[in-house]
Amino acid sequence: MPNSYDVGDLVRISAVFKNVNLSLVDPSSVVVLINQPNGTTYSKQYGTDADVVKDSTGNYYIDYYIQQAGLYSYKFSGTGAVTASGVGSFSAS
C-alpha cells in the first residue's frame with residue numbers, strides 16, 4: 001500500500017545511489033520522473049533544475065508539492081558513473 005497524503009502537502013522523495021561495492025557514488029546524470037494522476041509527467045534533472053537536490057555523495061531528493069488527488073508514481077534514474085533506478089508510489093486525497 002503506497003503512502004497517502006493530502007492535496008497541498010509537500011512530499012520529499014529521495015534516492016540513494018551505490019555501486020556494486022555498496023559505496024555511495026554520484027551518477028553523471030540524475031533524472032526524476034513523477035507520473036501525476038491526470039496523466040502528465042513532471043520531469044526534473046539534477047544540475048539543470050534546482051528542484052533536484054544533492055544532499056551528499058549518492059544522496060538526492062526532490063520536494064514535490066501535491067496539487068491533484070489520485071495515485072502518483074515516481075522514478076529516480078542515474079546514469080554514468082553508476083547506472084541505477086528506483087521507483088515508488090504514493091496517493092493523495
Query raised in the report: Which stretch or stretches of the stretch 60-86 have amide N atoms under 13 Å from the point lying 7 Å from Ser29's Cα along the Cα→Cβ direction?
Result: 77-84
Report task. Would you mind getting the accessible area per residue of the stretch 1-92, heavy atoms of the protein chains only, 1.4 Å probe, in Å²? Result -> 57 Å²
**Report entry** Rounded percent of accessible protein surface that carbon and sulfur make up, the chain, 1.4 Å probe
**Finding:** 47 percent
Query raised in the report: Of Val11, Gly78, Ile66, which is farthest on the positive side of the dipole of the chain, counting Cα position, with +1 on Lys and Arg Cβ, -1 on Asp and Glu Cβ, and the Cα centre as origin?
Result: Gly78
Query raised in the report: Using a ≥ b ≥ c from the Cα gyration tensor of the chain (square roots of the eigenvalues), is it rounded, prolate or oblate, where a/c under 1.5 gives rounded and otherwise the larger of a/b and b/c decides, a/b for prolate?
Result: prolate
Report task. Could you calculate the contour length gain from Asp6 to Tyr65, that is, 0.36 nm times the residue separation minus the distance between their Cα atoms, to one decimal place in nm? Result -> 20.2 nm
Report summary line: Note on the chain: contact order normalised by length, alpha-carbon pairs under 8 Å, 6 or more apart, percent, works out to 40 percent
Report task. Apply 1/(1 + (r/R0)^6) to the Cβ-Cβ distance of Ser93 and Val53, taking R0 = 25 Å, and write down the FRET efficiency to the nearest 0.05. Result -> 0.40
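The values are calculated or read from the model by the stated rules, or taken from the named source; none is laboratory data. On a predicted model such as this, the values are computed, not experimentally measured, just so you know. With ideal geometry, Cβ positions are generated from the backbone for all residues, glycine too; neighbour counts draw on all protein chains shown. Note: areas computed on protein heavy atoms with side chains; ligands, DNA, RNA excluded. Shrake-Rupley method; radii C 1.70, N 1.55, O 1.52, S 1.80 Å.
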